[in-house]
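Asks: So that we are looking at the same thing, I have put the structure below in structure tokens.
The values are calculated or read from the model by the stated rules, or taken from the named source; none is laboratory data. What you see is a predicted model, and the numbers here were worked out from it, not measured in a lab. Neighbour counts are summed over all protein chains in view; Cβ atoms, including those assigned to glycine, are modelled from backbone coordinates with ideal geometry. Ligands, DNA and RNA are excluded from the accessible area calculation, which covers all protein heavy atoms including side chains. Shrake-Rupley method; radii C 1.70, N 1.55, O 1.52, S 1.80 Å.
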Amino acid sequence: MPQQLTDKIALITGATSGIGLGIARALAAEGCHIGVNGSRPDGEIAPLCGEIAGEFGVRCAPLSADMSDPQAVAAMVAEAERTLGPVDILINNAGIQHVAPIDSFPVEKWDQLIAINLSSVFHTSRAVLPGMKARGWGRIVNIASAHGLVASPFKSAYVAAKHGMVGFTKVTALESATDGITCNAICPGYVWTPLVEKQIPDQAKSHGMSEEEVIEQVILAPQPNRKFASVAEIGALAVFLCSEAGASITGASLPVDGGWTAR
Ligand code: NAD
């Protein structure tokens, strides 16, 4: 695998935290130059780019576009291509969660979640596909979820968006199959990231449990191996899918869920 990805340009949405950051680091370790999209609590993503560039000896561009805004997405891809070069690898990872029953799910939350978790994938993909086709090589990896394959109550927007992402992945794969491009979805179960960590105190309060009990009895209950996956595991799979060894894998939805969706 080493060398194959050297000097490829990888654009990763939601790369300032969790899984996206793990994938950014894994691709940078292979020699890819990285476009880091996302936000940070202090508003600054340039220092994170500096860290990645310094640690791995690659170029890194901060791209703070809001993935719920189609015009900002188009401008971000143009900015990535101006500062780094044509995008060879697109990782659609930005995502949010909101948990509520359908009949009290806030309409604006539904719209925001679908825009960030699903529609942005259309907007980034349509922007990079013509260039990938013209150059005869490309990799698109969509970070879906076990919730792209099965459902849980109270996560209607998230489950709809992730199922939609799995379907969109298949269409992208079919439309680009003869162009040297692959498109796949990674479907993680629970991965230990800030998105999961932040839910634990609230869940403990609403279930009347300790945080340890919530982890064991609520969060990891559907995951037969009873373990969180790590961001490094997801990063390693993304690198594999982007490598030449993954050239014939396209249109697939790959669970990384400790057996959750095998039930
Ligand atoms: P995280 O909260 O740690 O990171 C989310 C990233 O998305 C951050 O970089 C954030 O800045 C970015 N983001 C959010 N809204 C954005 C917006 N409007 N515009 C641009 N960027 C935005 O979460 P994570 O756990 O690393 O999740 C990353 C992806 O993996 C999500 O799509 C999530 O649904 C998916 N996923 C996570 C898990 C898990 O257990 N952590 C499991 C399955 C799937």
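Asks: Can you list the residues, at least 5 places off or on another chain, whose amide H is less than 5 Å from the amide H of Leu254, using H built in the peptide plane?
Replies: Ala185, Ile186, Cys187
Asks: List the residues, sorted by chain then number, that are 5 or more residues from Cys60 or on another chain and whose placed amide H is less than 5 Å from its amide H.
Replies: Ile34
Asks: Could I have the simple spin-label model distance between Val107 and Arg82, label points 7 Å from Cα toward Cβ, reported in nm to one decimal?
Replies: 3.7 nm
Asks: Next question. Quick one: Karplus J couplings for segment 130-139, per residue in order, coefficients 6.51, -1.76, 1.60, θ = phi - 60°, nearest Hz, x for Gly and Pro?
Replies: So the Karplus estimates, Gly and Pro as x, are x, x, 4, 4, 4, 8, x, 7, x, 9 Hz.
Asks: Count neighbours as other Cβ atoms within 10 Å of each site's Cβ, and list the GluC sites (Glu not before Pro) in segment 37-68 that are DSSP loop with at most 14 such neighbours.
Replies: On the way: sites: Glu44, Glu51, Glu55; in loops: Glu44.
In loop regions of segment 37-68 (DSSP not H, G, I, E or B), the sparsely surrounded GluC sites (Glu not before Pro) are Glu44.
Asks: Per residue, what accessible area does segment 1-106 have, given a 1.4 Å probe and all protein chains present, in Å²? Show your work: numbers first, answer last.
Replies: Working: 4550 Å² over 106 residues.
Accessible area per residue, segment 1-106: 43 Å².
Asks: Separate question: Take the Cα atoms of the chain, find their three principal axes, and give me the spread along each one in whole Å, biggest first.
Replies: Per principal axis, max minus min of the Cα coordinates gives 54, 39, 36 Å.
Asks: Where Rh is the Kirkwood radius over the Cα pairs of segment 151-205, the temperature 37 °C and the viscosity 0.692 mPa s, what D in µm²/s does Stokes-Einstein return? Walk me through the intermediate numbers first.
Replies: Numbers: Rh = 13.7 Å.
Translational D for this selection: 240 µm²/s.
Asks: Now a separate question. Using a 1.4 Å probe over the heavy atoms of the protein chains, calculate the carbon and sulfur portion of the accessible area of the chain as a whole percent.
Replies: Carbon plus sulfur share of accessible area: 56 percent.
Asks: Could you derive backbone 3J(HN,Hα) for segment 107-124 from the dihedral phi with the Karplus parameters 6.51, -1.76 and 1.60 (θ = phi - 60°), listing whole Hz in sequence and x where the residue is Gly or Pro?
Replies: For segment 107-124, the Karplus-derived couplings read 4, 5, 5, 4, 4, 5, 5, 5, 5, 6, 7, 10, 5, 4, 5, 5, 5, 5 Hz, x marking Gly and Pro.
Asks: On to the next question. Between the helical axis of 156-176 and the dominant principal axis of the chain, each derived from Cα atoms, what acute angle in degrees is found, rounded to the nearest 10?
Replies: So the helix axis and the longest Cα principal axis differ by about 30 degrees.
Asks: Enumerate lysine pairs in the chain that are 8 or more residues apart or on different chains, then count those whose Cα atoms are under 30 Å apart.
Replies: Close lysine pairs under the 30 Å cut-off: 22.
Asks: May I ask you to evaluate 6.51 cos²θ - 1.76 cosθ + 1.60, the Karplus curve with θ = phi - 60°, for each residue of segment 34-49 and list the ³J(HN,Hα) values in order in whole Hz, giving x for glycine and proline?
Replies: 10, x, 9, 9, x, 9, 10, x, 8, x, 10, 10, 4, x, 4, 4
Asks: Under 5 Å between amide H atoms, partner at least 5 residues away or on a different chain: which partners does Lys8 have, H built in plane at 1.01 Å?
Replies: Under 5 Å from the amide H of Lys8 lie the amide H atoms of His33, each far enough along the sequence or on another chain.
Asks: Compute the distance in nm between two label points, each set 7 Å from the Cα along the Cα-to-Cβ direction, one at Glu175 and one at Ser152.
Replies: Placing both labels 7 Å beyond Cα along the Cβ direction yields 3.1 nm.
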